Every structure is written in C-alpha cells, then in structure tokens.
1. Quick one: Ile79 ticks every box in (1) over 25 Å from Lys55 (Cβ atoms); (2) under 15 Å from the mean Cα position of the chain (by Cα) bar one, so which box is it?
2. With the requirement that a residue be of a type in the set (Phe, Trp, Tyr) and either part of a strand (DSSP E or B) or modelled with pLDDT under 95 (or both), what does region 19-78 give you?
3. Give region 76-93 a look and list any residue that's open to solvent by 60 Å² or more (accessible area, probe 1.4 Å), closer than 22 Å to Met140 by Cα and in contact with a helix residue (DSSP H, G or I) (Cβ under 7 Å, 6 or more places away or on another chain), or say none.
4. Here are some conditions: (1) part of a helix (DSSP H, G or I); (2) farther than 15 Å from Leu75 by Cα; (3) touching a Phe, Trp or Tyr at 6+ places or on another chain (Cβ under 8 Å); (4) open to solvent by less than 20 Å² (accessible area, probe 1.4 Å). His135 meets all but one. Which one does it not meet?
5. Among the residues of region 94-109, is there at least one that is of a type in the set (A, V, I, L, M, F, W, C), at pLDDT 95 or above, open to solvent by less than 20 Å² (accessible area, probe 1.4 Å) and in a helix (DSSP H, G or I)?
6. Collect the residues in region 110-130 that are within 17 Å of the chain's Cα centre (by Cα) and open to solvent by less than 60 Å² (accessible area, probe 1.4 Å), keeping them in residue-number order.
Amino acid sequence: MRRFGDGYHPYITVRISKKKGEVASIYEQELTRENDIEDNYIVIVDTNTMGQGSKELGKQLLKMFIYSLTEQPDLPEKIIFYNGGVHLVSDNSDSLEDLQILAENGIEIYACGACLNYYNLSEKCKVGEVTNMYHIIEMMRKSKKIIKP
C-alpha cells in the first residue's frame, strides 16, 4: 500500500512477459479512489434542509440532492436519517418518491426510531426500516466513506 494525502490506496503491478529470450515489460498503475471497487459510501441526513441560510432554499437543495442520488452511476449503499432528517421518510415528504426509487434499486434506507417518536412520525414512516442509534453507529463505523449533505 502507498500512502497518499487522504488515506491508503492500493496499487497493482502487472507484469507481461514474452516468450523465452524476449524482453519483459512491466506496467504499474496506481488506482485512485474513483477506481477503487471497495469505495462504497453511505449518506447520512440529520435535518430536513441542506446548508445554512434560507430554510426554503435549504429544503429545495436537499430535495435536489436526494433526486440527484437517483441519477448517480454509483449509488450509496445506505441512507440513514436521524433527528430532523426523519421528516424526509414520512408521508408528507417531497422526497418520498425519490427515496422509494432508491429503495427499489437496493439502497438500504434507515430512520432513527427515537427521532420518529420525538417528531410524532412513527406511524407516518413510508420508506425504509426503523432502527436505533446502536445500529446507526455500527453502520457508520463500518463505512469507508460517509457523505452528509
């Protein structure tokens, strides 16, 4: 393994030999994070807005973020919602259709049960699986990369 600025990256050495007596060539390719097969990621959403400033704009940005996930060539492995983010998995969410599309494509979606209870949304959760903080920590701990909008 070679050490780069943002972590360890594997490299591959390929040796191609010709018949006996001919010169062998060596080709070395360093893989970047973009090419790393094990570069799975999860998305965590802890609010119903994205960024700071206008709440209206923040809601639109988060809606566009969730929609844009459906258009990515490399989908996240999981999406985890907690605190105010659980509003997005409820029946009145503008992102519900996009989240259902992601779930249908094998993306695991989780919502914090304590958070759903706090916001009185337990009966209104329409996509994903209800989980607890222990499981959320476990998923985050095991992830190679976490994206937070």
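The values are calculated or read from the model by the stated rules, or taken from the named source; none is laboratory data. On a predicted model such as this, the values are computed, not experimentally measured, just so you know. When we count neighbours, we look across all protein chains shown, and the Cβ atoms used for this are built from the backbone with ideal geometry, even at glycine. SASA here: full protein model, heavy atoms, side chains in, ligands and nucleic acids out. Shrake-Rupley method; radii C 1.70, N 1.55, O 1.52, S 1.80 Å.
1. (1)
2. Looking only at region 19-78, we keep the residues that are of a type in the set (Phe, Trp, Tyr), and these are 27, 41, 65, 67.
The answer is Tyr27, and nothing else.
3. Listed by number, the list holds a single entry, Asn83.
4. Answer for His135: the failing condition is (4).
5. Initial filter on region 94-109 (of a type in the set (A, V, I, L, M, F, W, C)): 96, 99, 101-103, 107, 109.
Those left that are additionally at pLDDT 95 or above: 96, 99, 101-103, 107, 109.
Then keep just the ones that are open to solvent by less than 20 Å² (accessible area, probe 1.4 Å); that gives 99, 102, 107, 109.
Next, only the ones that are in a helix (DSSP H, G or I) stay: 99, 102.
Yes, some residue in region 94-109 is of a type in the set (A, V, I, L, M, F, W, C), at pLDDT 95 or above, open to solvent by less than 20 Å² (accessible area, probe 1.4 Å) and in a helix (DSSP H, G or I).
6. Filtering region 110-130 down to residues within 17 Å of the chain's Cα centre (by Cα) leaves 110-112, 127-129.
Selection gives Tyr110, Ala111, Cys112, Val127, Gly128.
Yes/no per residue for (1) touching a Cys at 6+ places or on another chain (Cβ under 9 Å); (2) more than 14 Å from Tyr41 (Cα to Cα):
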{"position": "Lys63", "(1), (2)": "no, yes"}
{"position": "Ile80", "(1), (2)": "yes, no"}
{"position": "Asn83", "(1), (2)": "yes, yes"}
{"position": "Glu104", "(1), (2)": "no, yes"}
{"position": "Glu123", "(1), (2)": "no, yes"}
{"position": "Gly128", "(1), (2)": "no, yes"}
